[in-house]
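The values are calculated or read from the model by the stated rules, or taken from the named source; none is laboratory data. Nothing here was measured: the structure is a model prediction, and the numbers come from that model. Reconstructed Cβ throughout: ideal geometry from the backbone, glycine too, with neighbour counts over all protein chains shown. Side chains included, ligands, DNA and RNA excluded: accessible areas come from the protein's heavy atoms. Shrake-Rupley method; radii C 1.70, N 1.55, O 1.52, S 1.80 Å.
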Amino acid sequence: TTCLTDYGLVDRLHIADRVRVATIQGLLAREEWPHAETLVIDESHHIAAARWRAIPDGYPHAKIVGLTATPERADGTALGDIFQAMVVAADYPDLVRDGHLVPCRVLRPERQLARGLAQDPVIAYLEHGEGRSGFVYVPRIGEAARLADRFTAAGVPALAISSETELSVRDDALGDLAAGRVRLLVNVFCLTEGVDVPSASLCILARGVGHASTYLQMVGRILRPHPSKLD
């Protein structure tokens, strides 16, 4: 019996009789956990966090396979007391070559800035955005709302998403982005992992990034292949 976090994978592989699917939050909410001989944990760089760590602690005899695109944690906490080895399945060029990701063009200032932004996000989009859909990352909720209003006023339909946004509203916004009814989702720390909108092809970083893993997760939202985009 295996405990996975990818519901679609179970259906595609026709293994529902041997596989139990659960979220971390769902398992922690249960009084009794299902039996498992193997755990496959997605976004496993979180496993060092107290809540996530309860899962391997609750399955002391299970084999654990962790999946993540960013195995290095920003706080420096090691994963070696849970995992014995790191297997690099593929590098970015390999994934591009095999069609699992698309190439990425990066527009940036010529030098690192001590503070502030290189360009106003709305002006940057109008000059370089090519009409693409995607995500804008900002540091504060009020700023997200104001920026979404400015984008919309400039003819670029946008919505603001934050931790205060209800889950159903967030899901609707992602659906609108995928369907082309909205061009940009301006968000604060909540659309960096696990968001799957393959048609999205633009990422505007209007905030500082303190660690490479955060940068890779944000930019990774727009690298998934889709018939409508080349990069």
In the set [x] 34, 20, 19; [y] 37, 20, 14; [z] 42, 25, 21, which value of semi-axes √(5λ) of the Cα gyration tensor in Å was calculated from the structure you see? [x]
Report, to the nearest whole %, how much of the accessible area of region 27-152 belongs to carbon and sulfur atoms, 1.4 Å probe, protein only. 52
Quick check on region 76-116: what does the Kirkwood estimate of hydrodynamic radius come out to from the alpha carbon pairs, in Å? 14.3
State to the nearest 20 debye the size of the charge dipole of region 81-124 about its Cα centre, where the only charges are +1 on K and R beta carbons and -1 on D and E beta carbons. 280
For residue 186, the residues 5 or more places away or on another chain with a placed amide H closer than 5 Å to its own amide H are 136, 159, 160, 161
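Find the relative contact order for region 26-84 and round it to a whole percent, using C-alpha pairs within less than 8 Å whose residues are 6+ positions apart. Display every interim value, and only then the final one.
Values: 53 pairs, mean separation 23.4, N = 59.
Averaging sequence separation for qualifying contacts and normalising by length gives 40 percent for region 26-84.
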Shape of region 174-230, Cα gyration tensor, a/c cut at 1.5: prolate
Based on DSSP H runs of at least 4 residues, each adding -39500 (n - 2.57), what is the mean residue ellipticity at 222 nm of the chain after dividing by all its residues, to the nearest 500 deg cm²/dmol? -8500 deg cm²/dmol
Just check region 104-231 against the gyration tensor rule for me: Cα atoms, a ≥ b ≥ c as the square roots of the eigenvalues, rounded for a/c under 1.5, and otherwise prolate or oblate depending on whether a/b exceeds b/c. rounded
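Taking a quarter of the surface of the Cα convex hull of region 6-113, what do you get in nm²?
Working: hull surface 40.9 nm².
Projected area, direction-averaged: 10.2 nm².
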Which value, in Å², gives the accessible area per residue of the chain when a 1.4 Å probe is used on the protein heavy atoms? 61
